[in-house]
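**Student:** Have a look at this one.
Read-outs throughout are calculated quantities, based only on the coordinates presented, and are distinct from any laboratory measurement. Worth saying up front: this structure is predicted, and the values here are computed from it rather than measured. Note: ideal-geometry Cβ built from the backbone for every residue, glycine included; neighbour counts use all protein chains shown.
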């Protein structure tokens, strides 16, 4: 639920509570679609290039964090990457059933339940699913901050080049900038992990600039 596709009207008018906290089937543990298949689903469901970019950015951040900070191997990091890549896949086609439709699609495809539950956790206030694992908490963190940081880059002549943590924090404190971004959601997401906001912003700046 990021700056890319939410506005104040939607956020105040709809709570898309999923009504459950368990997803998928445990017998499908370890069953992951390959990245090419995930991209095919993404392009089938999402025509908006900005929205696709947002999901690719979150996917890249999730994969990089899993590899660099969580000690995951390439297979383990793919679960993180898939969750990031598909977390908003149903937003454009099914806005009134956001999250519900992509969850049901992945359940139909018998995908690892950790991926599905991770997707369900990217907006706890809206979907009613509390992040528990580090993977679930980090998708919430990255979804909230990735889009905001990209918005900062878009107004800069040099984009990401030369952008630092201080400039992002300054924009966060400027409530008139990207006013539709809920700063309370950002604070809530950061408060769930053992990392301060400066560390997270620096990580995003280091990795997101390469995603196009």
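**Student:** Using Cα centres only, tell me the gap between segment 34-63 and segment 168-195 in whole Å.
**Tutor:** Each part reduced to its Cα centre gives a spacing of 24 Å.
**Student:** For segment 8-208, what is the Kirkwood hydrodynamic radius in Å, using each pair of distinct C-alpha atoms?
**Tutor:** On the way: mean 1/r = 0.0584 Å⁻¹.
About 17.1 Å for segment 8-208.
**Student:** Work out, step by step, the length gained on full extension between residue 94 and residue 74: first 0.36 nm times the residue separation, then minus their alpha carbon distance; give nm to one decimal.
**Tutor:** Numbers: separation 20, 0.36 × 20 = 7.20 nm, distance 3.16 nm.
The span from residue 94 to residue 74 would gain 4.0 nm if fully extended.
**Student:** If you fit an axis through the alpha-carbon atoms of helix 134-154 and take the longest principal axis of the Cα set of the chain, what angle between them do you get, 0 to 90°, nearest 10?
**Tutor:** With both axes taken from Cα atoms, the answer is about 40 degrees.
**Student:** How far is helix 74-86 tilted, in degrees, relative to the longest principal axis of the Cα atoms in the chain, given as a value from 0 to 90 rounded to the nearest 10?
**Tutor:** The two axes meet at around 70 degrees.
**Student:** Round to the nearest 10 and give me the degree value, 0 to 90, for the angle of helix 197-208's Cα axis relative to the longest principal axis of the chain.
**Tutor:** The helix 197-208 is inclined about 80 degrees to the chain.
**Student:** Just 174, 133, 114 to compare: in a GNM of the chain, with alpha carbon springs under 10 Å, which one fluctuates most?
**Tutor:** Highest fluctuation of the listed residues: 174.
**Student:** Something else now. Using the alpha carbon gyration tensor of segment 131-197, what are the three equivalent-ellipsoid semi-axes (square root of 5 times each eigenvalue), largest first, in whole Å?
**Tutor:** Numbers: eigenvalues 101, 33, 21 Å².
Taking √(5λ) for each eigenvalue gives 23, 13, 10 Å, largest first.
**Student:** Shifting gears a bit: Would you order 58, 75 from fewest to most other beta-carbon atoms within 10 Å of each residue's own beta-carbon? Could the numbers behind the result be given before it?
**Tutor:** On the way: 58 32, 75 9.
Lowest count first: 75, 58.
**Student:** Run the quick spin-label model on residue 161 and residue 37: label points 7 Å from Cα toward the beta carbon, then report their separation in nm to one decimal.
**Tutor:** Rounded to a tenth, the inter-label distance reads 4.1 nm.
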